[in-house]
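The values are calculated or read from the model by the stated rules, or taken from the named source; none is laboratory data. Note that the structure is a prediction, hence the values are computed from the model and not measured. Backbone-built Cβ (ideal geometry, glycine too); neighbour counts: all protein chains shown.
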Amino acid sequence: MLKIGFIGVGGIAGRHIANLKQLGRSEFVAFCDIAEEKAKQAVSENGGNAYTDFNEMLDKEKLDAVFICTPPFVRAEPIASASAKGVAIFSEKPPAFNSEQGKTGVNAIKKAGIINSVGFMYRWLMTVAKAKELMKGKKISAIRSVFLCGPAVHLNIPGWFFIREKSGGPLMDQAIHVLDLHRYLAGEVTKIHAFGNNMIQPKRADFTTEETIVMDLQFDSGIIGSHTHSWACDVAMAQVEIISDYSRFTIDLFANSIFGTLEGAQINEKMTDNCYLTEVDNFLTAVEKKDQSILRSSYQDAVNTCAVTWAGLESIDSGEVKTPLRF
Ligand SMILES: NC(=O)c1ccc[n+]([C@@H]2O[C@H](COP(=O)([O-])OP(=O)(O)OC[C@H]3O[C@@H](n4cnc5c(N)ncnc54)[C@H](O)[C@@H]3O)[C@@H](O)[C@H]2O)c1
C-alpha cells in the first residue's frame, strides 16, 4: 500500500480521495490544510494525521506520494518541499504561477528524480485517444475549441478564482485544460493572440479577471487553432473540433463523446470512462513501478502548457502576438 498525503483538502482533493479509495491501493497517512477543520474532517473520514503546515507534515510523515491540491498561489513551495524530501508528486494544475516558478519546479523535480504528474485528466479520456488515432496520417488544418460555464454568472466558486493575481483567471485556471489538449493533439504553440472582456461582471476589487477570452494559436506543425472560453455563460459546453480535408470531428469533453464525419462516414461514439480515476490509477502505477514513462503529463510538459496561458495573458494585456516560453 502506498502511503499518501494531501496538501490542500478542498474541492478537487475530495474527488482524488474518492478515486484513491475506489482504487484501494493506498493508505491515507496525512492531510494538511490551513483550514484545520478541513484537515481534521478528512482524517476523521479517511484516517491518518491532520496538519496545518505542509513542511511539518513532510518532516514527520514518511510518504510515498503527495497530492498537491492547493490554489495556484500555493504551488511552488509545496513542490519544492516535496521534491527536497524525494516524495512523488501529483500536482493539480496550473503547475506554476509564473515562468520563474516553473523553471525552479522543473529543476527541483529533475534533481530529485521523483515520479511527477499534473492533473491534466483530459489526456486520459478515451475520446481523446480515439481522436489521436483518427488524426493519424491525416492533413489536419485547424483545431478549434470552446469551453463555456457559469461561475461568473453565479459567483458560486471560492472567491480566489475571480482574482487574476491568485488564479490566473479562466485562462490559467480552466482554458489551460483545453490548451493542454491543443498541445497534446497538435504539438507546440509558436504564436498566440488573445482578447478578453467583462460584459457580465465588470472588473472590481473582488473580480479582477477577464471572464471571457478568445484566442488564436499557431503551432510548430503548421496547424492553426482557436479557443473561446467563458465563465459568463450558464449554458455549459466543452468541445474540441479537428478539421481536415475530408474529415471534421468533435470531442465533447462533458458528454465524453466523439462525433462528426470521417472521410464521408459518420462517427458517433460515447465513452463511459472516468478520466480522473484513470489519471490517479496511472499515477499510482508509476509510483509503484518507479516508471515515469507511462504518465501523459509530466511536470515539465505541464509547465509548457502553462507557458501558453502566460503568453495568452501577456497578449490580452498588450494586444500583441506572443510566443510562449519553452521549458
Ligand atoms: N483538474 C480539475 O478538473 C480541477 C478541478 C478543480 C480544481 N482544480 C485545481 O485544484 C486546485 C485547488 O482547487 P479547489 O477547487 O480544490 O480549491 P479549494 O479552494 O476548494 O481548495 C483549496 C484548499 O487548499 C487549502 N490551502 C490553501 N493554502 C494552503 C496551504 N498553505 N497549505 C495547505 N492548504 C492550503 C485551502 O484552505 C482549501 O481547503 C486549483 O489549482 C484548481 O485549479 C482542478
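At a glance:
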read-out	value
Qualifying residue in segment 168-191 (condition: within 16 Å of the ligand (Cβ to nearest atom), out of contact with any Ser or Thr (no Cβ under 8 Å at 6 or more places or on another chain) and within 21 Å of Cys233 (Cβ to Cβ))	yes
Residue match in segment 259-281 (condition: small (Gly, Ala, Ser), crowded, with 17+ Cβ neighbours inside 10 Å and in the same structural domain as Gly137 (by TED's automatic domain parsing))	yes
Pair list, Cβ under 9 Å, 6 or more apart: segment 284-296 residue part of a helix (DSSP H, G or I), other residue of a type in the set (Ser, Thr, Tyr) and surrounded by fewer than 14 Cβ atoms within 10 Å (Cβ to Cβ)	Ala286/Ser293
Hits in segment 246-269 (condition: assigned to a loop (DSSP other than H, G, I, E, B) and under 19 Å from Lys138 (Cα atoms))	Tyr246, Glu263, Gly264
Hits in segment 90-140 - residues which are within 27 Å of Ile251 (Cβ to Cβ) and β-branched (Val, Ile, Thr)	Val118, Thr127, Val128, Ile140
Only listed residue being in contact with a His (Cβ under 9 Å, 6 or more places away or on another chain) and at pLDDT 95 or above, chosen from Leu253, Leu325	Leu253
Verdict on Ala194 being assigned to a helix (DSSP H, G or I) and either at pLDDT 95 or above or more than 16 Å from the ligand (Cβ to nearest atom) (or both)	no
Filter result for Ala76 (assigned by TED's automatic domain parsing to the domain that holds Phe283, under 22 Å from Ile163 (Cβ atoms) and among the aliphatic types (A, V, I, L, M))	yes
Which numbered condition Thr272 fails, given (1) of a type in the set (Val, Ile, Thr); (2) assigned to a loop (DSSP other than H, G, I, E, B); (3) free of Cβ contacts under 8 Å to residues at least 12 places away in the same chain	(3)
Boolean, Thr70 is in the same structural domain as Ala175 (by TED's automatic domain parsing) and either away from the ligand (no atom under 14 Å from the Cβ) or touching a helix residue (DSSP H, G or I) at 6+ places or on another chain (Cβ under 9 Å) (or both)	no
Scope segment 1-24; condition among the basic types (Lys, Arg) and surrounded by 14 or more Cβ atoms within 10 Å (Cβ to Cβ); matching residues	Lys3, Arg15
Those residues of segment 14-35 which are in contact with a helix residue (DSSP H, G or I) (Cβ under 7 Å, 6 or more places away or on another chain), among the small types (Gly, Ala, Ser) and either within 9 Å of the ligand (Cβ to nearest atom) or farther than 21 Å from Arg75 by Cα (or both), in sequence order	Ser26
Qualifying positions in segment 225-238 - part of a strand (DSSP E or B) and either charged (D, E, K, R) or surrounded by fewer than 19 Cβ atoms within 10 Å (Cβ to Cβ) (or both)	Ser226, Thr228, Met237
Which listed residue is within 16 Å of the ligand (Cβ to nearest atom), more than 18 Å from the chain's Cα centre (by Cα), within 28 Å of Ala311 (Cβ to Cβ) and at pLDDT 95 or above, from Ala142, Ala76, Ala82, Ala96	Ala82
Residue within segment 273-292 that is within 14 Å of Asp180 (Cα to Cα) and within 21 Å of the chain's Cα centre (by Cα) present	no
